[in-house]
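For reference, the structure is listed below as structure tokens.
The values are calculated or read from the model by the stated rules, or taken from the named source; none is laboratory data. Worth saying up front: this structure is predicted, and the values here are computed from it rather than measured. Cβ sites come from the backbone with ideal geometry, for glycine too, and all protein chains shown count toward neighbours. Surface accessibility is based on the protein's heavy atoms, side chains included, excluding ligands, DNA and RNA. Shrake-Rupley method; radii C 1.70, N 1.55, O 1.52, S 1.80 Å.
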Amino acid sequence: MMAQYRASEIEPKWQAAWDAADVFRAEPDPARPKYYVLEMFPYPSGRIHMGHVRNYTMGDVIARYKAARGFNVLHPMGWDAFGMPAENAAMERGGHPADWTYGNIADMRAQLRPMGLSIDWSREFATCDPEYYGQQQAMFLDMLEAGLVTRKSATVNWDPVDRTVLANEQVIDGKGWRSGAEVERRELTQWFFRISDFAEELLDAIDRLERWPDKVRLMQANWIGKSRGLQFAFDTLGAPAGHEKLAVYTTRPDTLLGASFAAISPDHPLARALEADDPAIAAFNAECRRMGTSEEALETAEKKGLPTRVTVRHPFDPDWELPVWIANFILMDYGTGAIFGCPAHDQRDLDFARKYGLPVIDVFEAAEDGAPVGDIAFVPPKTETVRYVNGFAGPDRQTGDDAVTAAIAECEARGVGSGVTNYRLRDWGISRQRYWGCPIPVVHCPDCGAVPEKRENLPVELPRNVDLSVPGNPLDRHPTWADTTCPRCGGPARRETDTMDTFVDSSWYFARFTAPRADTPTVMADADYWMNVDQYIGGVEHAILHLLYSRFFARAMQITGHLPAKAIEPFDALFTQGMVTHEIYVTRDDKDRPVYHLPEHVHWTESGARLGADGPPVDVMPPAKMSKSKKNVVDPERIIAEYGADTARWFMLSDSPPERDVEWTAAGADAAFRHLARVHRLAAECAGAGHGDAGTAAADAALDRATHAAIAGVTRCIEGFAFNKAVAELYTLTNAIARSDAAASARARSLRILAQLMAPMTPHLAEEIWAMLGGQGLVARADWPQADPALLETDTVTLPIQINGKRRSQIEVPKDTATDAIEAAVLQDAAVQRALAGAAPRKLIVVPGRIVNVVV
RNA sequence: GCCCGAGUGGCGGAAUGGUAGACGCAGGGGAUUCAAAAUCCCCCGCUGGCAACAGCGUGUCGGUUCGAGUCCGACCUCGGGCACCA
């Protein structure tokens, strides 16, 4: 009786062997090239999910593959451990955020370990460790000194009932998620990192991120949002004192003669000034402020405006007055918070003009068949040539880009404003009115103002005894924690009670992994050896904020002496993986509300899906991202217990390309397990075969060719991040071995190479069959196999023959056949002769080595 | 609303502008078995045809090309992000 494939026995055995040999510990070694693989570290929610399994499996494939290629690999793991869920849990279930968080970390580590990842666990840390956030505070002070930090006013979502600041996700339809109260926008003084000073640099450097996905680079560029335009000031009429001018910014100064109104943000100083003696304006502004702060909320809300008594003079014609409106879609954060509206060439302005009966003045029309604007604004790409009917600079026919350039020059000549470059990117507000975050190490002194905490007093630790049973900032209402003395004058003072945005924590953890226990944020020698991250892997949902903040931090850390110059772009290569999805199973309750069911509770019968063997039928909805609320989740711990880690890893890599979503199916998991069992069986059979099991020389040679083709294919696919195709290559090789008549020794040779090729994906099984077939040492330490080019050569090629672009036949010719010889052979082909019917071909296209096309 | 991406058999997917459907799943047929499980072998885009073969076919509509899943234009549907979720 041959040994069965038992993952539950194999996997712990090899994990213990790796631990005993300390295979994955990373130490700097100047003699070897290094390779730093990093997956985005997890938030410790308490359970790992299939998305983690997929993410870390991909990283592990790269880490193990690079190690086999001779690199000194750094592959660390940590925890993004600050954030709101810990506070929410404490509020809902009692307990302390720290206990909840560290408990979750212990649970998740225990779930992660059985996956057999090649992680150097000695470098593990959590961002809520005082050792980590204390160093973060030290960097904050360095950044403060370097002028990278500023303090200014910012808008927050204010819940007037709970008297607390809400995150955008806590605002649902303009109401607080717990209190249900209408949320207000409120101004608070906050700390900011001056990321907008780096807008041009961050934009320029995107070009050098050659191994990042184009889509991420494009999203970042759009987010930074560089634009050129004209900034000028209208003279106002009827405005309160101090508002004699109204500054506006426009990217389309060429449409200045199409202006029909001016509009300002409800948060604009002029709008605020007008509130004082105009109750209608005060009411309108208040209504506008009863909206979340998110750009999405602003942009999707119904466009509304209110006229004011103020007008402005058109800069080209003192007799031409434009009304000033307050409009809810003008962002105070962008440009000057005021615009001029040109309805003919901006759809939003046009909708506004039609709604409130404002004039629509055409500035340009299509170069051919031009017509005045109706209900659709005419907004062609700026590269398109149009005919100006109301221009004031440049020729009548020009592109939008040329017209903007000409308009800026003309305006500057007339003394109307000046051309400016503007960015959409705003400074990074980091103040959070919450407990479970890194305290901002600043002291507020009545005499000295905001004073940095002394270095020797770091870390400024969070107090343990806090009351989270009521909403609001526990640090702010803590009886004693904020009481301190001024680091400058020694007088009584009060600590800053805001904590930092958790994005700060995740903006430099990759650097900390290079020296995780240091009593400085980083150690230059270690950072110099290990940086940059050679391959970063994570979800595309982080394409903008996390990655942009990290790029900023790398620059700030360089300025403050915590990273070497070469780490200015910390991630050499980025890969964004897709989500794990699953079908959704739903029944209806007596009020027809959906009731969701876990996949493990659904049984498949001949009459479809049911709850239990003969329970009620279940509706099956299309696959969607696994989520607790829809219960379309499978628990990795269960899957590993049932099939083993190798099966979970193999399935996560097969089927779908890594950048796309993958659907978890029970059938797919079964299939993955069956395949691994088959590989195990083939190895066991081969190991059990005697020396008498001789094959033919031809069969041995054919198997060698198939094996070396697989080496080449798998290597290429792993290098190209095409793991699903690498898996397909491995299926093909497995089939070749299974069907081969080669001698046992030749099959063993192939199976050992199969073990090596599978080792990055299914490391435990790979070790098992490697050992079974006499491999030396651990596969985890073996060198990657090299494909023999001589075995990849073929003598002949098959050329498909197309007739008028459709494949009709094919010929086989020696590899280096000359074109004219191929043409002659093609004309002899029966299908070609039939199609030609004696006539000569109109055209004969030969693409050497690829295809032939006969045009008749 | 704005920015970004994705749509190919029953399903997941493969295909430097060059044989559409590799590989896998599901399904069908067969071998083995007292029977089953497991395993092994064969078939498998749609329509017509005994077959040879022909026609159609990569979300929709149009274009470029000897040749388009791939390039260009317009649209439809789904997904990600939108600065306090992480």
To the nearest 0.05, what FRET efficiency results for A:Trp223 and A:Thr150 with a Förster distance of 22 Å applied to their C-beta separation?
0.60
Non-local amide H neighbours of A:Glu496 (under 5 Å, H modeled in plane, Pro and chain starts lacking H): which ones?
A:Val442, A:Val443, A:His444
Just to confirm my numbers, what's the Cα centroid distance between segment A:709-769 and segment A:537-613 in Å?
30 Å
Can you pull out the trypsin sites (Lys or Arg not before Pro) in segment A:521-611 that DSSP calls coil and that have at most 16 other Cβ atoms within 10 Å?
A:Lys591
Could you work out the mean projected area of the convex hull around the alpha carbons of segment A:142-268, in square nanometres to one decimal?
13.5 nm²
Starting from one equal scatterer on each C-alpha and no solvent at all, send me the Debye-based log10 I(q)/I(0) for segment A:714-770 at q = 0.24 Å⁻¹, two decimals.
-0.97
Note, ³J(HN,Hα) from phi for segment A:102-111, Karplus 6.51, -1.76, 1.60, rounded to Hz, x at Gly and Pro
5, x, 4, 4, 4, 4, 6, 4, 5, 7
Residue by residue through segment A:402-407, which ³J(HN,Hα) values in whole Hz follow from phi under the Karplus form 6.51 cos²θ - 1.76 cosθ + 1.60 (θ = phi - 60°), with glycine and proline marked x?
5, 5, 5, 4, 5, 5
For segment A:88-152, just run the numbers: alpha carbon Rg, then divide by 2.2 N^0.38 Å, N being how many residues it has.
1.58
Under the Kirkwood approximation for Rh and a Cα-based Rg, what ratio Rg/Rh is obtained for segment A:280-432?
0.99
Measure nothing fancy, just the Cα-based angle from helix A:744-758's long axis to the longest principal axis of chain A, in degrees from 0 to 90, nearest 10.
10 degrees
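Computed over the Cα atoms, what is the radius of gyration of segment A:144-215 divided by 2.2 N^0.38 Å, N being its residue count?
1.62
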Could you work out the Kirkwood radius for segment A:18-112, taking every pair of different alpha carbons, averaging 1/r and inverting it, reported in Å?
15.2 Å
Angle between the Cα long axis of helix A:723-739 and the longest principal axis of chain A, 0 to 90 degrees, nearest 10?
10 degrees
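Residues with beta-carbon under 15 Å from that of A:Asp447, excluding A:Asp447: net charge, scoring Lys, Arg +1 and Asp, Glu -1?
On the way: positive: A:Arg488, A:Arg494; negative: none.
That works out to +2.
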Per DSSP, the loop-located GluC sites (Glu not before Pro) within segment A:319-405 having at most 10 other beta carbons within 10 Å are A:Glu368
Quickly rank A:331-341, A:458-468 as a protection proxy: mean count of other C-beta atoms within 10 Å, highest first.
A:331-341, A:458-468
Once you have the alpha carbon radius of gyration of segment A:411-523, what is it after dividing by 2.2 N^0.38 Å, with N set to its residue count?
1.50
Determine, for each peptide in A:788-800, A:807-819, the mean count of other beta carbons within 10 angstrom over its residues, then list the peptides with the highest first.
A:807-819, A:788-800
Spelling out what I want: for every residue of segment A:416-421, take phi, set θ = phi - 60°, compute 6.51 cos²θ - 1.76 cosθ + 1.60 (Karplus), and round to whole Hz; glycine and proline get x.
9, x, 8, x, 9, 9
Amide H neighbours of A:Ile803 under 5 Å, at least 5 residues apart or on other chains, H built in the peptide plane: list them.
A:Arg808, A:Val854
Quick check: the angle from helix A:84-93's long axis to the longest principal axis of chain A, C-alpha only, nearest 10 degrees?
90 degrees
Give me the distance in nm between label points sitting 7 Å out from Cα along the Cα-to-Cβ direction at A:Gln347 and A:Ala181, one decimal.
3.8 nm
Other-chain or far-sequence residues with amide H under 5 Å of A:Asn72's (modelled H)
A:Lys34, A:Tyr35
Mind giving me the nanometre distance, one decimal, between the label points for A:Asp401 and A:Arg113, set 7 Å out from Cα along Cα→Cβ?
6.0 nm
Suppose accessible area is computed on protein heavy atoms with a 1.4 Å probe; arrange A:Ser656, A:Ser153, A:Ser469, A:Ser507 from highest to lowest.
A:Ser469, A:Ser153, A:Ser656, A:Ser507
Would you mind checking segment A:773-799 for residues with the amide N under 19 Å from a putative spin-label position 7 Å along Cα→C-beta of A:Lys815?
A:787-799
Debye log10 I(q)/I(0) at q = 0.09 Å⁻¹ for segment A:615-715, Cα point scatterers
-0.40
Rounded to the nearest Å, the spacing of the alpha-carbon centers of segment A:462-510 and segment A:158-216 is 21 Å
For chain A, restrict the atom set to alpha-carbon positions and state the Rg and Dmax in Å.
33.4, 107
